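Read-outs: derived from the displayed coordinates by stated rules, not from any lab. The shown structure was predicted, so the numbers you read here are calculated from the model rather than taken from an experiment.
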Ligand SMILES: CC(C)(COP(=O)(O)OP(=O)(O)OC[C@H]1O[C@@H](n2cnc3c(N)ncnc32)[C@H](O)[C@@H]1OP(=O)(O)O)[C@@H](O)C(=O)NCCC(=O)NCCS
């Protein structure tokens, strides 16, 4: 079982070729609201949330959680990558052990198609593997979410199963830093 306390948080900002991954700050609030209110971002995630509700409910400093990275390009937030404790009540046939870690990613649509999500997720997985070598990371995505499916494959996730839930086919994959593709 993954002990998330081994993940020192907040980490020093992680710099990649084009991006910075860091903990969230108050100045990220507008982008977090945009991510949650965007119909495009939420097409395969249950739909957008009303902007007025988000303005009311998103905390002054959003995303203050272990493993919740803001991804920054040229000083502005373009998305988020999360490595979070896996939610055991997910309706998969295969129930992983409570405590596994789940990868999530959300990027603003105007930044899609440049490889930023691949670059940011690779850096986050490297950080995770450095802290917890060999610990698995799981990932859920709808099979209809073609961009997300391509990203999962590029990152080295392998399919464990597909199943129906929330009215759509879901893909459940796993990654480990010890597997050759990971
Ligand atoms: C899923 C999501 C993060 C993918 O974003 P993305 O920008 O397509 O992903 P990548 O970073 O891998 O970029 C890949 C694309 O960039 C292109 N690209 C351009 N320059 C590149 C570069 N320098 N390096 C790598 N790829 C580059 C690739 O060719 C590829 O294009 P293609 O998809 O047309 O083949 C994004 O669509 C999203 O935020 N979706 C909404 C949220 C969501 O559904 N999340 C899933 C829940 S787990």
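For the reader, a short list of remarks on this structure follows.
- Mean projected area in nm² (Cα convex hull; one quarter of hull surface) for the chain: 10.1
- Among beta bridges identified by DSSP and lying wholly in the chain, the antiparallel ones come to about 95 percent.
- Mean separation of Cα contacts under 8 Å, 6 or more apart, over the residue count of segment 4-175: relative contact order %: 19
- Taking the centroid of alpha carbons for each part, segment 24-78 and segment 118-182 are 22 Å apart.
- Largest mean-square fluctuation among 169, 53, 159, in a Gaussian network model of the chain whose springs join Cα atoms under 10 Å apart, belongs to 53.
- Where only alpha carbons of segment 8-56 are counted, the Rg and the Dmax (Å): 13.8, 36
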